[in-house]
């Protein structure tokens with residue numbers, strides 16, 4: 001079972017009595033929001049108090065969903081598992097719920113249509129995690145939820161000039177690990193493994209995808225620090241194992257002396273390893289990726305791959321729903337959240353041979369009553 005890095009927020013100030021009950025702060029004022037903007041200390045200490053959830057809410061079925069590209073991707077499967085873990089928490093506090101996966105199959109139109117149908121069915125009693133297939137549909141997904149009165153948290157992909165502030169309170173949050181840092185860290189691990197010189201292949205993700213764009217920015221940042229590294233080939237594998245396999249197979253024909261392969265996700269790293277295996281170079285050429293798919297973590301443990309990054313899918317899915325649930329119950333007033341609690345980074349973990357086995361062995365544990373434990377900055 002995968003291990004997740006669970007961030008525990010520091011407790012620096014004692015929470016005022018009854019601060020979050022009904023989303024109101026005694027004596028506070030704010031423009032149409034029922035109170036002043038929450039402080040960081042207040043949010044770090046915020047806890048879902050089951051005893052303060054109105055009976056009318058507990059007796060209403062809340063509909064949970066994760067909107068994703070397909071559960072065949074091991075990382076995306078962990079997001080669904082995160083929803084199930086949060087559902088277990090709801091069961092423990094006596095909340096009625098139903099849950100479902102909104103699988104877009106990688107289609108923008110289908111993802112938006114799925115969200116519209118889900119939100120309309122729930123009639124305002126919906127909370128959802130969404131990984132927009134591409135940046136361009138993030139607003140449409142959030143708008144579909146806002147039109148019904150439910151709450152949504154997006155992750156990974158959205159335009160730079162659009163965000164939760166544009167659909168307050170229903171677009172509650174947008175989160176993502178720091179993809180620039182993750183792309184940079186795996187590139188440095190790759191370049192250091194090569195002694196700072198030699199050829200590399202670059203297998204990018206979907207080109208219209210924020211995560212892919214930012215991870216490649218991280219690669220480019222690292223490459224500037226290693227003048228002895230030469231990019232022999234650079235193309236997109238569209239997140240897919242088969243596409244990465246074909247690319248790397250072709251590139252190996254012209255550059256068999258490659259020293260490392262940088263992949264924007266682990267599905268493509270799997271394809272790169274398959275291509276190397278066919279020519280007897282698996283374990284001899286460094287391969288890095290992102291997502292901590294089990295097969296890649298095992299390959300890192302066994303010395304067949306170099307590094308990957310856990311993006312904490314369990315944490316992302318579960319805690320996004322927890323924040324949306326707190327808003328739906330009325331315990332949290334989204335209008336009072338400061339900007340850095342509407343959009344923020346979630347924690348990620350670089351996995352190398354030194355920690356791969358412990359990552360595989362340990363089970364994730366979360367306290368969903370403290371939803372902002374998912375915030376990394």
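For residue 318, the conditions (1) crowded, with 18+ Cβ neighbours inside 10 Å; (2) assigned to a helix (DSSP H, G or I); (3) out of contact with any helix residue (DSSP H, G or I) (no Cβ under 7 Å at 6 or more places or on another chain) all hold with the exception of (3). The residue that is nearest to residue 61 (Cα to Cα), among those in region 133-157 that are in a loop (DSSP other than H, G, I, E, B) and in contact with a strand residue (DSSP E or B) (Cβ under 6 Å, 6 or more places away or on another chain), is 150. Taken together, 350, 304, 331 contain a single residue that is surrounded by fewer than 24 Cβ atoms within 10 Å (Cβ to Cβ) and in a strand (DSSP E or B), which is 350. For region 159-183, a tally of residues being touching a strand residue (DSSP E or B) at 6+ places or on another chain (Cβ under 6 Å), in a loop (DSSP other than H, G, I, E, B) and at pLDDT 95 or above returns 2. The sole residue among 146, 119 that is assigned by TED's automatic domain parsing to the domain that holds residue 61, more than 25 Å from residue 84 (Cβ to Cβ) and modelled with pLDDT of 95 or more is 146.
Look at residue 17 and say whether it is surrounded by fewer than 20 Cβ atoms within 10 Å (Cβ to Cβ), over 19 Å from residue 338 (Cα atoms) and modelled with pLDDT under 85. Against the criterion (surrounded by fewer than 20 Cβ atoms within 10 Å (Cβ to Cβ), over 19 Å from residue 338 (Cα atoms) and modelled with pLDDT under 85), residue 17 qualifies. Select, from 131, 166, 160, the only residue that is assigned by TED's automatic domain parsing to the domain that holds residue 324 and buried (at least 22 other Cβ atoms within 10 Å of the Cβ). After applying the criteria, what remains is 131.
Residue-wise test of (1) at pLDDT below 95; (2) over 23 Å from the mean Cα position of the chain (by Cα); (3) farther than 30 Å from residue 50 by Cα.
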position: 277; (1), (2), (3): no, yes, yes
position: 282; (1), (2), (3): no, yes, yes
position: 307; (1), (2), (3): no, no, yes
position: 313; (1), (2), (3): yes, no, no
position: 328; (1), (2), (3): no, no, no
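In summary, residue 318 fulfils each of the numbered conditions (1) within 30 Å of residue 250 (Cβ to Cβ); (2) in contact (Cβ under 8 Å) with a residue 60 or more places away in the chain with the single exception of condition (1). For region 361-377, the set of residues classified as farther than 15 Å from residue 312 by Cβ and either assigned by TED's automatic domain parsing to the domain that holds residue 287 or surrounded by 16 or more Cβ atoms within 10 Å (Cβ to Cβ) (or both) consists of 369, 370, listed by residue number.
The values are calculated or read from the model by the stated rules, or taken from the named source; none is laboratory data. Just so we're clear, the structure is a prediction, and the values are computed from it rather than from any experiment. Every residue, glycine among them, receives a Cβ derived from its backbone with ideal geometry; neighbour counts consider all protein chains shown.
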